[in-house]
Structure formats: structure tokens, C-alpha cells
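A quick write-up on the structure given underneath.
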Amino acid sequence: MNSKPTLLSPDEVTEALKALPDWSGDTSAISRTVRAPSFTTGIDLVRRVADVAEEMNHHPDIDIRWRNVTFTLATHVAGGVTVLDVELAGRIDQQAARSG
């Protein structure tokens, strides 16, 4: 990425979160916790999200606590939430839906 992504305004983050009902946060970061059916299912989810993150060259912070997998998104070079985070959140939701 050649230029720094633009931070979203508070209103833009609020609007984006309307389309991402499992996510919460503010202009500093957004996050979601997925409760997987089993520990191994949660690890499989992390693996799929890792593939998406590599494809996008945009990586989440991931915390694994047994079956609970928390994804936190912020564009560190920009200092908060950008469209990259919103896009990755949507793609994480797609992968989470596959985990049943």
C-alpha cells in the first residue's frame, strides 16, 4: 500500500457497524468475539481468517480463549479504523458463518 488509509469519522464507523451487527467499537478499533462450537473449530476459523488477512495484506489482532475467538481490527499505520477494517470485518463474518 503506497499511501496511508484515511481514518473513518465517528459517524462513518457508526454507519459501518450497522452493517456489521456482531461488531462493536469506535474510531480506535472494532472487535467481535466468535464462540466456536469447539476449540478445533475456532482454530480452523483463525486459519481461514489468516488466509484472508494475507490476501488483503491487512491483519487482525486475534485472541483465542478456548472456544472464544476475538478479532480486533484497526489500521495501525493510520491510527484507527479505516475502510480496510470494515472490509476485513465483513470477510471475517463470512468465515465465521462457515464455522456454524
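The values are calculated or read from the model by the stated rules, or taken from the named source; none is laboratory data. From a predicted model like this one, the values you see are computed outputs, not experimental measurements. A quick note on method: Cβ atoms are made from the backbone with ideal geometry, for glycine too, and the neighbour counts reach across all protein chains shown.
Summary table below
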read-out	value
Residues of the stretch 55-64 that turn out to be touching a helix residue (DSSP H, G or I) at 6+ places or on another chain (Cβ under 9 Å) and assigned to a strand (DSSP E or B), as a count	2
Positions within the stretch 24-38 being in contact (Cβ under 8 Å) with a residue 60 or more places away in the chain, touching a strand residue (DSSP E or B) at 6+ places or on another chain (Cβ under 7 Å) and not hydrophobic (A, V, I, L, M, F, W, C), in sequence order	R32
Those residues of the stretch 1-18 which are buried (at least 19 other Cβ atoms within 10 Å of the Cβ) and either β-branched (V, I, T) or in a strand (DSSP E or B) (or both), in sequence order	V13
Residue match in the stretch 39-54 (condition: surrounded by 15 or more Cβ atoms within 10 Å (Cβ to Cβ), in contact with a strand residue (DSSP E or B) (Cβ under 6 Å, 6 or more places away or on another chain) and not in a helix (DSSP H, G or I))	no
Residue check, P21 in a loop (DSSP other than H, G, I, E, B), free of Cβ contacts under 8 Å to residues at least 12 places away in the same chain and not basic (K, R)	yes
Odd one out for A50, checked against (1) more than 17 Å from V83 (Cα to Cα); (2) hydrophobic (A, V, I, L, M, F, W, C); (3) in contact (Cβ under 8 Å) with a residue 12 or more places away in the chain	(3)
Candidates V86, V81, V77 - the one that is touching a residue at least 60 places away in the same chain (Cβ under 8 Å) and over 11 Å from the mean Cα position of the chain (by Cα)	V77
Selected residue (criterion: nearest to P10 (Cα to Cα)) from residues of the stretch 66-100 that are part of a strand (DSSP E or B) and touching a strand residue (DSSP E or B) at 6+ places or on another chain (Cβ under 9 Å)	L73
Test result for S38, among the polar types (S, T, N, Q) and modelled with pLDDT of 95 or more	yes
